[in-house]
């Protein structure tokens, strides 16, 4: 029986976007394996032919290997110059990952490989063993490479002539990071090590890696699918022949649990027609993204204060476990929970306050819920998603440091602005008609 392998990190925002592709193969009788490092999620519940294979070595070449756990504080800290150089941490990470992946290949013998963007360097390990089997990168990000009109994805900027200058600044910043990285690693930066191992593996120059956006290498001519809808981008990127948009790929039919406190809060919110439901969630990994915890806690507290000021605003905050005891609702129309059934809540919410994770914003669009975009960091695509939300008239942008008056005004605008509501209804209808349940079946999926 033919098999399909997904090599992914244990991040729901990444692997959740692949379930429609996985189901395409699982429902045809193929075995689907998610090779994951870290915690073991309940992916196997999606279908009987889908299973999780724990991988004991993390993705390599991402900079992860330059960190270690402090034996005293148990916190993740950057290794010392001597440790990075003498222990050859990048090479060690490559060898550890190579060992477990080759064992995975020997055991399960998949016929098709899908790599998450964060596992893209696994291509170097796989290539000598592919034997004409296809290897495709699945990225949750929009295309982002130098373009005279479209700015870098990590910036809150819009299409225009400034894009060229923004890309120059971005490229310079990448160079400076490489230079700093080289100093840390005693002369050879992380990307140079990747290139050296690429050459050692005798991979053809047609796949030569380069750095274009952020720290993840781009492998020339390696197939890449962007799990985003072209309609939500700034415009159609002139993509290379080996890349394409695949649509939103959000799992709208996933099962959800409904905690009793959540159900009771919604009942209260629905008691009066004038009540409005405001939902705030900053994703599953916000504590690893925001460097200033006090800033994040202040924003959460600001929202609890807004609930006090507006008795008809029912504010539900989904916050990470470590912050639960630090945020106290001050009124009955505010609740703090560590987990919510997000799809169900977005169907009923009047405003969604989001960190601009790609999945969350797309789910909000499907559910016709206006978005207050609050990008928490310059990392990755949060700013770029926020810019697209505003560009398409689907919501507004705020900052974690904004005052209560600013946030109050923006929420009021989103509750009352008919243009924004009409815009999000239109694109939601387009998504529903084009990206329906059987949409994947209309795509040219690899045959195995």
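The values are calculated or read from the model by the stated rules, or taken from the named source; none is laboratory data. Please read all numbers here as calculations on a predicted model, not as lab measurements. With ideal geometry, Cβ positions are generated from the backbone for all residues, glycine too; neighbour counts draw on all protein chains shown.
Yes or no: residue 153 under 29 Å from residue 381 (Cβ atoms), assigned by TED's automatic domain parsing to the domain that holds residue 54 and modelled with pLDDT of 95 or more? Show your work before the answer.
Numbers: under 29 Å from residue 381 (Cβ atoms): yes; assigned by TED's automatic domain parsing to the domain that holds residue 54: yes; modelled with pLDDT of 95 or more: no.
Here the answer is no, as residue 153 does not meet what is asked.
Could you list, in sequence order, all residues of the range 132-180 that are touching a residue at least 12 places away in the same chain (Cβ under 8 Å) and farther than 26 Å from residue 356 by Cα? Step through it out loud before you land on a result.
Within the range 132-180, the first condition is being touching a residue at least 12 places away in the same chain (Cβ under 8 Å), and the residues that meet it are 133-159, 161, 163-164, 166-167, 170-171, 174, 177-178.
Residues satisfying the conditions are 133, 134, 135, 178.
Could you list all residues from the range 167-184 that are crowded, with 18+ Cβ neighbours inside 10 Å and either under 22 Å from the mean Cα position of the chain (by Cα) or at pLDDT 85 or above (or both)?
Listed by number, the residues that qualify are 167, 170.
Just the residues that are outside any strand (DSSP E or B) and more than 16 Å from residue 433 (Cβ to Cβ), please, taken from the range 230-248. Before the answer, list the steps.
We begin by selecting, within the range 230-248, every residue outside any strand (DSSP E or B); these are 230-242, 246-248.
Result: 233, 234, 235, 236, 237, 238, 239, 240, 241, 242, 246.
Which residues, counting only those in the range 326-344, are without any contact (Cβ under 8 Å) to a residue 60 or more places away in the chain, surrounded by fewer than 20 Cβ atoms within 10 Å (Cβ to Cβ) and closer than 23 Å to residue 263 by Cβ?
Across the range 326-344, the qualifying residues are 327, 328, 329, 330, 331, 338.
Looking at (1) closer than 18 Å to residue 407 by Cα; (2) buried (at least 17 other Cβ atoms within 10 Å of the Cβ), can you tell me which one residue 286 breaks?
Only one criterion in (1) closer than 18 Å to residue 407 by Cα; (2) buried (at least 17 other Cβ atoms within 10 Å of the Cβ) is unmet by residue 286, namely (1).
Checking the condition closer than 30 Å to residue 191 by Cβ, modelled with pLDDT of 90 or more and under 21 Å from the mean Cα position of the chain (by Cα), which residue from 35, 22 passes?
On inspection, the qualifying residue turns out to be 35.
Tell me, yes or no, whether the range 271-282 has at least one residue that is in the same structural domain as residue 390 (by TED's automatic domain parsing), without any contact (Cβ under 8 Å) to a residue 12 or more places away in the chain and surrounded by fewer than 13 Cβ atoms within 10 Å (Cβ to Cβ). Full working, then the answer.
First pass over the range 271-282, keeping only residues in the same structural domain as residue 390 (by TED's automatic domain parsing): 271-282.
Checking the rest, the ones that are also without any contact (Cβ under 8 Å) to a residue 12 or more places away in the chain come to 271, 273.
If we keep only those that are surrounded by fewer than 13 Cβ atoms within 10 Å (Cβ to Cβ) too, we end up with 271, 273.
Yes, some residue in the range 271-282 is in the same structural domain as residue 390 (by TED's automatic domain parsing), without any contact (Cβ under 8 Å) to a residue 12 or more places away in the chain and surrounded by fewer than 13 Cβ atoms within 10 Å (Cβ to Cβ).
When residues of the range 296-325 are filtered for being exposed (fewer than 14 other Cβ atoms within 10 Å of the Cβ) and farther than 15 Å from residue 408 by Cα, how many remain?
Within the range 296-325, residues that are exposed (fewer than 14 other Cβ atoms within 10 Å of the Cβ) and farther than 15 Å from residue 408 by Cα number 4.
What helices (runs of 4 or more DSSP H) completely inside the range 317-434 contain at least 3 residues that are in the same structural domain as residue 288 (by TED's automatic domain parsing) and within 24 Å of residue 305 (Cβ to Cβ)? Explain how you work it out, then say what you get.
Numbers: elements: 342-348, 358-366, 382-391, 404-416, 418-434.
In the range 317-434, the matching helices (runs of 4 or more DSSP H) lie at 342-348, 404-416.
Which of the following residues is in contact with a strand residue (DSSP E or B) (Cβ under 7 Å, 6 or more places away or on another chain), crowded, with 21+ Cβ neighbours inside 10 Å and free of Cβ contacts under 8 Å to residues at least 40 places away in the same chain: 217, 229, 209? I'd like the intermediate steps shown before the answer.
Working: 217 fails: free of Cβ contacts under 8 Å to residues at least 40 places away in the same chain; 229 fails: free of Cβ contacts under 8 Å to residues at least 40 places away in the same chain.
One residue alone meets the criteria, 209.
Over 30 Å from residue 109 (Cβ atoms), surrounded by 13 or more Cβ atoms within 10 Å (Cβ to Cβ) and at pLDDT 95 or above: is that true of residue 383 in this structure? It would help to see each step written out before you state the result.
Details: over 30 Å from residue 109 (Cβ atoms): yes; surrounded by 13 or more Cβ atoms within 10 Å (Cβ to Cβ): yes; at pLDDT 95 or above: yes.
It is true that residue 383 is over 30 Å from residue 109 (Cβ atoms), surrounded by 13 or more Cβ atoms within 10 Å (Cβ to Cβ) and at pLDDT 95 or above.
Can you tell me how many residues within the range 41-57 are free of Cβ contacts under 8 Å to residues at least 24 places away in the same chain and either part of a strand (DSSP E or B) or within 14 Å of residue 12 (Cβ to Cβ) (or both)?
The total comes to 4.
Only residues that are surrounded by fewer than 18 Cβ atoms within 10 Å (Cβ to Cβ) and either in contact with a helix residue (DSSP H, G or I) (Cβ under 8 Å, 6 or more places away or on another chain) or at pLDDT below 90 (or both): list them for the range 128-146, please. Walk me through how you get there before you give the answer.
To start, the set of residues in the range 128-146 that are surrounded by fewer than 18 Cβ atoms within 10 Å (Cβ to Cβ) comprises 128-134, 136, 145-146.
Result: 129, 132, 145, 146.
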